[in-house]
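**Q** My questions will all concern the structure given below.
The values are calculated or read from the model by the stated rules, or taken from the named source; none is laboratory data. Worth saying up front: this structure is predicted, and the values here are computed from it rather than measured. Methodologically, a virtual Cβ is constructed for each residue, glycine included, from the backbone with ideal geometry; neighbour enumeration extends over all protein chains shown.
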Amino acid sequence: MSIHERLLQEGLSLPPTFAALPAEYSSWERAQVALVPVPYDGTASYRPGARRGPSAILEASPQLELYDEELQAEPYRVGIATLPPLDAVIDPEAMTRRVEQAVSLVLQSEKFPIVLGGDHSITVGAVRALAERYGPLSVLQLDAHSDLRKEYQGSRFSHACVARRILELGCSLVQLGIRSLTREDAELIRQQEALTTVYAHELHRDFKGALGALERLRGPVYISVDLDVLDPGVMPAVGTPEPGGLGWYQLLAVLREAFVRYEVVGCDVVELCPIEGMVAPDFTAARLVYKLIGYWAAFQGQAPTNSTNKKERSR
């Protein structure tokens, strides 16, 4: 029984396909990439609404042009299946287990998982599933916030605790774009050998030098993109915006470098909090998901690549 059949058996309906792809490129059997929508914002602490993020991404995605001008390829040809959205439960720890189970099913089917959030708390479940399969991972966290609290608002599984939980799983963690943290977080960053943090002001002062932090990644890598890593001028539709973030092409440069250098085994895009009447952020998030698929296809998947990409992949 396929994962689609198993989830449908639980009473879940299939969402629209990403980019309105026909069955030839969106069926479970055909796809190399699986999108896992998680409409959950149970730990939101400022502006709720991230539960609507996955549907907003999928609704915007048919407006994408499917040719990628940077990669000179059509990434959708690897096949992109979209799973039914996970049913949300109130308890964030229980929601974490639900995400872990869904991502584990994707991995059993030998597909590349991309989780669509939802608030950042869902990342822990995905990392658990991948760590169970691959052993300790390196996690690349692109984020405005350090998310290193022991607990927040009475929960150890809040979006503000996700990085702390990842470290407790035995994973190494590289954070880029951080510009909001507590004094206790800063002390932990100085003390924790498994943790490397590059602040946003360092990226803006010396972007090429700051990218050197990617050398701290080891082995299989999971990439978590909290959309508030982008400057609010680029991405205003997040739950906890912070000034001074990355630009679009800075973010893409980091992601491309990670895919070129390392085996990336999964990703998420979280914290899209749609603003009524403003479609640009939804489209930006959908474009980012497609860029992740494109980088995976060009450097690690089975999509045709041009000679330039082939040379770069061998680095």
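**Q** Please name all residue pairs, on different chains or six or more residues apart, with Cβ atoms under 6 Å, provided the first residue is in the range 12-41 and is charged (D, E, K, R) and the second residue is surrounded by fewer than 22 Cβ atoms within 10 Å (Cβ to Cβ) and assigned to a helix (DSSP H, G or I).
**A** Taking only residues 6 or more apart or on different chains, the pairs are D41/R51.
**Q** If you check R51, R30, which single one turns out to be closer than 28 Å to I275 by Cα, of a type in the set (K, R) and either modelled with pLDDT under 95 or more than 17 Å from the chain's Cα centre (by Cα) (or both)?
**A** Answer to the selection: R51.
**Q** Sticking with this one: Can you name every residue in the range 239-294 that is among the acidic types (D, E) and on the phi > 0 side of the Ramachandran plot?
**A** E271
**Q** Tally the residues that are in a loop (DSSP other than H, G, I, E, B) and without any contact (Cβ under 8 Å) to a residue 40 or more places away in the chain, restricting the search to the range 90-110.
**A** Of the residues in the range 90-110, 1 are in a loop (DSSP other than H, G, I, E, B) and without any contact (Cβ under 8 Å) to a residue 40 or more places away in the chain.
**Q** Among residues belonging to the range 230-277 that are in a loop (DSSP other than H, G, I, E, B) and touching a Ser or Thr at 6+ places or on another chain (Cβ under 8 Å), point out the one that is surrounded by the most Cβ atoms within 10 Å (Cβ to Cβ).
**A** If we take residues in the range 230-277 being in a loop (DSSP other than H, G, I, E, B) and touching a Ser or Thr at 6+ places or on another chain (Cβ under 8 Å), then E271 is surrounded by the most Cβ atoms within 10 Å (Cβ to Cβ).
**Q** Residue by residue through the range 112-135, note down the ones that are surrounded by fewer than 22 Cβ atoms within 10 Å (Cβ to Cβ) and touching a strand residue (DSSP E or B) at 6+ places or on another chain (Cβ under 9 Å).
**A** A131, R133, Y134
**Q** Within the range 247-265, can you find the residues that are within 12 Å of Q300 (Cα to Cα) and either touching a Pro at 6+ places or on another chain (Cβ under 6 Å) or without any contact (Cβ under 8 Å) to a residue 24 or more places away in the chain (or both)?
**A** Of everything in the range 247-265, those that are within 12 Å of Q300 (Cα to Cα) and either touching a Pro at 6+ places or on another chain (Cβ under 6 Å) or without any contact (Cβ under 8 Å) to a residue 24 or more places away in the chain (or both) turn out to be E263, V265.
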